[in-house]
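A short write-up of the structure that comes next.
The values are calculated or read from the model by the stated rules, or taken from the named source; none is laboratory data. All of these numbers come straight from a predicted model, not from anything done at the bench. Note: ideal-geometry Cβ built from the backbone for every residue, glycine included; neighbour counts use all protein chains shown. The accessibility values were calculated without ligands, DNA or RNA, using every heavy atom of the protein model including side chains. Shrake-Rupley method; radii C 1.70, N 1.55, O 1.52, S 1.80 Å.
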Amino acid sequence: MDAYSMSATSAFLEKSRIYQDLRTSRRHSTIEPADFPVARKSSIMDQVLKGETLDPSRKPHVGVIGAGLAGLRSADVLLRHGFRVTILEARNRLGGRLYQERLPNGHLVDIGANWVHGTQDNPIMDLARETNTPVHSFDSPAVIFDENGLALSMEDSIMLSEMTWDIIKDAFRFANEHGSEIDPSRSLLDFFKEQIPTRIPESDQDYAKKRHMALQLCESWGAFVGSPIEKQSLRFFWLEECLDGENLFCAGTYHKVLEKIAQPAMAGADIRYQTQVSEIYGKSTSTGNTARVKTIDGQVMEFDELVVTTPLGWLKQNLQAFHPPLPETVSRGIQNIGYGCLEKVYISFPRAFWLKPDKSGVEAKGFGQWLSPNYAPESNPRRWNNEVVELASLEPPSGHPTLLFYIFGDESHHVTSKVRSLGNKGEREDFLFSFFEPYYSRLPSYDKSDPNCKPTACFWTDWLHDDLAGNGSYCNFQVGLEEGDKDILAMREGVKSEGLWLAGEHTAPFVALGTVTGAYWSGEDVAKRIAREYGRIKPEAI
């Protein structure tokens with residue numbers, strides 16, 4: 001769950017199933033947000049110490065597969081409760097899908113998550129404040145271009161955008177109230193098709209054109225979940241709700257937050273980089289009642305407990321790695337929950353020409369959206385929507401003249417596959433400049449002859465071809481899903497009897513599924529459950 005700065009929740013959510021689940025899934029948390037105001041000496045990460053009981057006589061050994069956010073937070077909490085922790089990380093770095101790269105213009109950018117989803121009682125927001133990480137709210141109306149590449153009037157842009165998000169919020173409510181009655185085959189697109197005619201009556205001037213554009217604009221939700229909206233389950237759309245408050249762009253990138261979360265693990269855990277697990281054995285396969293892992297180079301390691309924080313996509317592709325096989329409820333949950341394919345392309349320019357108003361006074365600040373373009377028949381014959389977040393309007397020193405394009409679904413498959421087929425970096429950059437030129441050339445004050453309008457460099461993601469990421473991005477909920485909430489709960493439960501615990505954004509409280517906050521919470525909660533099993537948390541703290 002990534003793009004958009006909308007506030008996706010409101011007062012009604014306090015009674016919704018996601019908040020009921022949050023209260024239930026976090027009932028063992030010792031964190032009391034009200035006791036820790038923003039101006040505090042202790043870190044939000046230190047609050048887990050409240051109520052712990054340490055037994056120095058023995059240190060049970062816990063293995064953590066994956067050094068992403070869930071694995072790092074799990075390791076931190078386990079270390080605080082007196083466990084010995086070994087992290088097995090297949091990459092040569094920490095962070096998993098949360099990491100950064102530096103563009104040729106010198107600015108650091110997030111290759112994984114860009115957003116903080118919700119500002120109320122969100123530990124990631126607290127960590128952003130604690131680390132002085134700048135965040136940004138895009139409050140300017142999006143510039144929207146119709147299928148002919150013409151910018152809509154600001155009045156029409158605001159009307160269509162507000163209507164889109166009103167329908168999204170109504171879809172949250174509808175799914176929350178009627179989920180069990182909704183046919184699993186119904187999609188979010190179906191809901192839009194039903195709602196748009198009631199909001200743009202035939203009495204409106206140019207109603208047919210407005211309905212047409214509204215239906216095109218609704219496809220932009222795909223960049224939020226990483227899949228087209230015709231695949232988004234209406235029955236389980238309530239699982240896409242997020243924490244109350246704004247969704248803020250992480251203008252300073254996540255690197256300081258990641259460093260803060262990683263510090264305890266780096267100081268106290270045994271981190272083994274470039275250690276890729278190929279097989280996982282539960283306690284029932286061992287005479288010593290230990291869980292074991294086998295790496296691709298044949299090394300076998302054993303642990304008292306094992307926390308598996310690999311991405312959902314990796315689990316989907318490696319169910320055969322578990323011995324004994326995972327229980328049917330858990331494996332079914334892994335197979336049933338969808339996995340997105342959101343990709344990002346950063347394109348930098350000498351100057352942010354789009355911030356200079358054109359002759360009609362239009363400027364582009366924040367979001368830009370191109371609806372079903374018919375003017376790029378060779379590069380985009382299927383007329384995929386495209387959208388961008390421009391980074392030049394971020395407060396200094398975060399801002400820089402770069403456009404961040406979000407692509408998903410078939411477009412992300414097409415672009416990443418084409419880039420991989422090209423021989424060198426120059427050819428790849430030329431392809432991306434050419435592919436996105438029909439869109440950035442529509443931005444205000446673009447002049448092909450102006451050197452400031454010629455891209456200088458770009459960077460692109462390729463999660464779809466990253467086996468360690470599970471060849472995708474994060475969980476979502478697609479049509480045909482019948483018991484999505486139960487699937488999540490089954491994964492969250494893991495297999496305690498085998499010493500196997502699952503953590504990651506796909507096992508998070510419903511309100512934080514698919515987010516950085518969800519990964520953080522899931523790692524913390526699993527570690528506390530393990531600590532409770534070993535009697536290392538006082539009963540009154542449970």
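Can you tell me the FRET efficiency between K193 and S153 if r is taken as the Cβ-Cβ distance and R0 is 22 Å, rounded to the nearest 0.05? Could you put the intermediate results ahead of the total?
Details: r = 25 Å, r/R0 = 1.13.
The formula returns an efficiency of 0.35 here.
Only Cα pairs under 8 Å and at least 6 apart count here; give the relative contact order of the stretch 90-133 as a rounded whole percent. Could the numbers behind the result be given before it?
Numbers: 26 pairs, mean separation 10.3, N = 44.
Relative contact order, the stretch 90-133: 23 percent.
Determine how many Å³ per residue the convex hull of the Cα atoms of the stretch 188-257 encloses.
Numbers: hull volume 9.9 nm³, N = 70.
For the stretch 188-257, the hull spanned by Cα atoms encloses 142 Å³ per residue.
Provide the packing ranking of 67-73, 157-163, i.e. peptides ordered by the mean count of other C-beta atoms within 10 Å per residue, highest first. Spell out each step's value before the answer.
Values: 67-73: 31.1, 157-163: 17.4.
Peptide ranking by packing, descending: 67-73, 157-163.
Under a plain spin-label model, where a point goes 7 Å from the Cα along Cα-to-Cβ, how far apart in nm are Y207 and R93?
A separation of 5.4 nm, rounded to one decimal place.
Once amide H atoms are placed 1.01 Å from N in the peptide plane, what residues at a sequence separation of 5 or more from S473, or on another chain, have their amide H within under 5 Å of its amide H?
G340, C341, L342
Just grab the label-to-label distance for S180 and E395, each label 7 Å out from Cα along the Cβ direction, in nm (one decimal).
For the pair S180/E395, the computed spacing is 4.7 nm.
Rounded to the nearest 500 deg cm²/dmol, what is the calculated helix-only ellipticity per residue at 222 nm for the chain, with -39500 (n - 2.57) per DSSP H run of length n ≥ 4? Walk me through the numbers before you get to the answer.
Working: 14 runs with 167 residues, N = 542.
After summing the helix terms and dividing by residue count, I get -9500 deg cm²/dmol.
Would you mind pulling out the separation of the Cα centroids of the stretch 119-196 and the stretch 443-522, in Å?
Here the answer is 18 Å between Cα centres.
Going by a ≥ b ≥ c, the root eigenvalues of the Cα gyration tensor, does the stretch 311-442 fall in the rounded group (a/c under 1.5), the prolate group (a/b larger than b/c) or the oblate group?
Verdict is prolate for the stretch 311-442.
Once amide H atoms are placed 1.01 Å from N in the peptide plane, what residues at a sequence separation of 5 or more from I537, or on another chain, have their amide H within under 5 Å of its amide H?
For I537, whose amide H was placed from the backbone, the distant partners under 5 Å are T53.
What do you get when you divide the Cα radius of gyration of the chain by 2.2 N^0.38 Å, with N the number of residues?
Values: Rg = 23.6 Å, N = 542, 2.2 N^0.38 = 24.1 Å.
Rg over 2.2 N^0.38 Å, computed on Cα atoms: 0.98.
Counting only the backbone N, which residues of the stretch 388-408 are under 18 Å from the spot 7 Å out from the Cα of N452 toward its beta-carbon?
390-394, 396, 399-403
Please give the Cα centre distance for the stretch 214-231 versus the stretch 353-407, rounded to the nearest Å.
With the stretch 214-231 and the stretch 353-407 each reduced to a Cα centre, they are spaced 17 Å.
Say R0 is 51 Å: what FRET efficiency, to the nearest 0.05, do K294 and D358 get from their beta-carbon distance? Intermediate values should be presented prior to the final figure.
Values: r = 61 Å, r/R0 = 1.20.
Calculated value: 0.25.
Given a 1.4 Å probe and every protein chain left where it sits, what share in percent of the accessible area of the chain is carbon and sulfur? Provide the component values of the computation, followed by the final result.
Values: 10330 of 21440 Å².
Here carbon and sulfur together make up 48 percent of the probe-accessible area.
If I model a spin label at D166 and L215 as a point 7 Å from the Cα along the Cα→Cβ vector, what separation in nanometres do I get?
Here the modelled spin labels are 2.0 nm apart.
So, for the chain, what is the accessible surface per residue at a probe of 1.4 Å, expressed in square angstrom?
Values: 21440 Å² over 542 residues.
Normalised by residue count, the accessible surface of the chain is 40 Å².
Hey, could you grab the Kirkwood Rh for the stretch 149-229? Inverse mean 1/r over distinct alpha carbon pairs, Å, one decimal. Don't skip to the end; give the middle numbers.
Working: mean 1/r = 0.0734 Å⁻¹.
Here the Kirkwood hydrodynamic radius works out to 13.6 Å.
Round to the nearest 0.05 the FRET efficiency obtained for R532 and R102 when R0 = 45 Å and r is the Cβ-Cβ distance. All intermediate terms of the calculation are to be shown ahead of the outcome.
Numbers: r = 42 Å, r/R0 = 0.94.
In this case the efficiency is close to 0.60.
One-quarter of the Cα convex hull surface for the stretch 288-366, in nm²? Write out the running numbers ahead of the final one.
Details: hull surface 43.1 nm².
Approximately 10.8 nm², given one-decimal rounding.
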